[in-house]
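The values are calculated or read from the model by the stated rules, or taken from the named source; none is laboratory data. Model, not experiment: these values are computed from the prediction. Here Cβ is always computed from backbone atoms with ideal geometry, including for glycine, and neighbour counts include all displayed protein chains.
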Amino acid sequence: MASTEGKTITCKAAVAWEAGKPLSIEDVEVAPPRAGEVRIKILYTGICHTDDYTLSGKDPEGVFPVILGHEGGGVVESVGEGVDNVKVGDHVVPLYTAECKECKMCKSGKTNLCSAVRATQGQGLMPDGTKRFTCKGQELHHFMGCSTFSQYTVVSKYSVVAIDPKASLEKACLLGCGITTGYGAATKSPGIEGSTVAVFGVGCVGLSVIQGARAKGCTKIIAIDINDKKKDWAKKFGATDFVNPTQLGDQSVVDKLIEMTDGGLDFTFDCTGNVQVMRQALECCHKGWGVCNIIGVAPAGAEIATRPFQLVTGRVWKGSAFGGVKGRSELPGLVADYQSGKLWVDQFVTHHQPLDKINAGFDDMHAGDCIRCVVDMGFGDAQ
Ligand code: NAD
Ligand code: AHE
Ligand code: ZN
């Protein structure tokens with residue numbers, strides 16, 4: 001096949017023209033990568049709850065028209081000048097949490113949040129302030145530095161990591177968000193070994209927290225979900241108990257959890273994005289030391305509240321993005337854990353859709369029995 005390097009590629013993509021409307025499959029033009037950029041042929045992408053959230057119009061950073069998607073797996077098609085961390089043909093996962101290894105944040109050793117490209121990323125732009133996607137004469141915004149709902153995408157060199165080509169991209173794409181987010185949040189919590197844990201929301205993220213807590217030998221892992229179908233899922237991944245807050249009669253879920261744990265949990269995780277649940281997750285923490293980690297993403301304008309006394313008496317409210325994982329440094333290790341069987345990934349895939357049926361993938365997600373739907377971008381196994 002003739003090389004596409006340096007040329008604009010026309011391909012299929014799912015375009016979000018406006019908030020609250022289904023995606024539209026379009027022919028889009030994808031410009032070549034500029035200096036410091038990488039063009040990727042996306043073979044598979046997961047659909048994350050956050051894609052749905054931004055499409056709904058509830059994301060304060062949501063800009064339209066846009067190509068959503070941030071849980072992809074693909075192959076490097078071409079690279080711009082000055083790219084030395086990936087090369088043509090590498091199997092890669094795009095990273096919505098970039099890692100430049102040079103900024104104050106990367107060098108701090110305290111966070112995985114990199115500042116190199118975050119400002120333009122939040123505006124739906126490439127780091128130089130421009131866009132690479134065009135459709136029907138109109139430029140389209142990028143999303144979370146990834147835009148994996150396109151057969152070809154362009155990302156910053158800081159927003160991509162090469163992985164072992166023997167790993168299945170159809171599965172490893174899920175390490176681009178949901179699984180890494182939950183597993184990292186649990187396994188990177190200092191002191192979590194052997195402790196008690198509550199996980200609110202048993203989706204891909206919550207199951208991944210449960211999986212991480214199990215890996216750390218947590219003695220009690222309580223899963224909480226309003227959907228009873230999630231009980232078996234939670235138990236399969238390592239939960240010791242399941243609580244459905246809608247079936248507690250007059251007892252609040254906070255009181256129930258405190259009763260079950262002799263005073264409260266050592267660690268709790270919100271994986272729902274609901275601010276009332278975030279409050280519950282804090283208030284069921286053990287006095288003096290319980291730590292609540294907010295992972296869920298809340299709608300624009302939503303705020304969390306609690307009595308300050310909850311914090312005065314030693315509970316800690318914190319949060320994490322991408323599980324605190326530094327993508328370029330740490331994702332290859334998680335892929336190796338997946339390949340060795342230590343980290344479950346295949347088990348998360350409940351649904352598949354081809355790109356032209358991606359809206360059905362969103363319907364799958366809303367139906368309540370989907371953990372992850374993987375979208376086949378239409379290249380078959382031709383990696
Ligand atoms: P999901 O929709 O698959 O799972 C959410 C679960 O929460 C569902 O099982 C639902 O039944 C349950 N739930 C809803 N309301 C509840 C309530 N009141 N009490 C208990 N359970 C309740 O979503 P997901 O893909 O697992 O993502 C979870 C959240 O994490 C979303 O808000 C998503 O946007 C966010 N997220 C954050 C990051 C990050 O880096 N911080 C990364 C990925 C996803
Ligand atoms: N844009 C929103 C917030 C969205 C958000 O919190 N995103 C998470 C990742 S969700 C992945 O599924 C995140 O990483 N946040 C940190 C960051 O730097 O974006 C808003 O409220 O403006
Ligand atoms: Zn996500």
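Values as computed for the structure displayed
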read-out	value
Residue list for the stretch 47-80, filter: within 10 Å of ligand 2 (Cβ to nearest atom) and either within 16 Å of residue 145 (Cβ to Cβ) or buried (at least 24 other Cβ atoms within 10 Å of the Cβ) (or both)	48, 50, 51, 54, 59, 61, 62, 70, 71
Residue within the stretch 13-20 that is small (Gly, Ala, Ser), at pLDDT 95 or above, more than 16 Å from ligand 1 (Cβ to nearest atom) and within 17 Å of the chain's Cα centre (by Cα) present	no
Pairs, first free of Cβ contacts under 8 Å to residues at least 12 places away in the same chain in the stretch 88-101, second in a loop (DSSP other than H, G, I, E, B), C-beta under 7 Å, six or more apart	none
Residue within the stretch 93-116 that is away from ligand 2 (no atom under 16 Å from the Cβ) and crowded, with 21+ Cβ neighbours inside 10 Å present	no
Residue in the stretch 257-273 that is assigned to a helix (DSSP H, G or I), without any contact (Cβ under 8 Å) to a residue 12 or more places away in the chain and farther than 19 Å from residue 207 by Cβ present	yes
Of all residues in the stretch 96-110 being within 16 Å of ligand 1 (Cβ to nearest atom), touching a Lys or Arg at 6+ places or on another chain (Cβ under 9 Å) and not hydrophobic (A, V, I, L, M, F, W, C), the one that is farthest from residue 176 (Cα to Cα)	99
Exclusive hit being in contact with a helix residue (DSSP H, G or I) (Cβ under 8 Å, 6 or more places away or on another chain), of a type in the set (A, V, I, L, M) and closer than 28 Å to residue 341 by Cβ, set 253, 205, 243	205
Residue count, the stretch 76-101 (criterion: assigned to a strand (DSSP E or B), touching a helix residue (DSSP H, G or I) at 6+ places or on another chain (Cβ under 8 Å) and over 18 Å from residue 29 (Cα atoms))	3
Residue count for the stretch 170-203, restricted to those that are in a helix (DSSP H, G or I), more than 16 Å from ligand 3 (Cβ to nearest atom) and either modelled with pLDDT under 95 or surrounded by 24 or more Cβ atoms within 10 Å (Cβ to Cβ) (or both)	1
Residue list for the stretch 367-383, restricted to those being within 20 Å of the chain's Cα centre (by Cα) and free of Cβ contacts under 8 Å to residues at least 60 places away in the same chain	367, 370
Qualifying residue in the stretch 175-184 (condition: outside the structural domain of residue 68 (by TED's automatic domain parsing), away from ligand 1 (no atom under 16 Å from the Cβ) and not charged (D, E, K, R))	no
Options 252, 329, 320: the member that is more than 16 Å from ligand 2 (Cβ to nearest atom) and within 24 Å of residue 115 (Cα to Cα)	329
Residue within the stretch 85-107 that is within 18 Å of residue 154 (Cα to Cα) and among the polar types (S, T, N, Q) present	yes
Helices (runs of 4 or more DSSP H) within the stretch 288-383 that include 3 or more residues surrounded by fewer than 20 Cβ atoms within 10 Å (Cβ to Cβ) and polar (S, T, N, Q)	327-340
Candidate set from the stretch 64-91 (those that are more than 16 Å from ligand 1 (Cβ to nearest atom), of a type in the set (A, V, I, L, M) and touching a Leu at 6+ places or on another chain (Cβ under 9 Å)); member that is farthest from residue 172 (Cα to Cα)	66
Which numbered condition residue 120 misses (of (1) outside any helix (DSSP H, G or I); (2) away from ligand 2 (no atom under 11 Å from the Cβ); (3) without any contact (Cβ under 8 Å) to a residue 40 or more places away in the chain)	(1)
Extreme residue, farthest from residue 273 (Cα to Cα), among residues of the stretch 47-89 that are over 12 Å from the mean Cα position of the chain (by Cα), among the small types (Gly, Ala, Ser) and within 15 Å of ligand 3 (Cβ to nearest atom)	73
Residue selected from the stretch 123-149 under the condition assigned to a loop (DSSP other than H, G, I, E, B) and of a type in the set (Phe, Trp, Tyr), by the criterion farthest from ligand 3 (Cβ to nearest atom)	149
Selection within the stretch 217-232 - under 15 Å from residue 281 (Cα atoms) and assigned to a loop (DSSP other than H, G, I, E, B)	225, 226
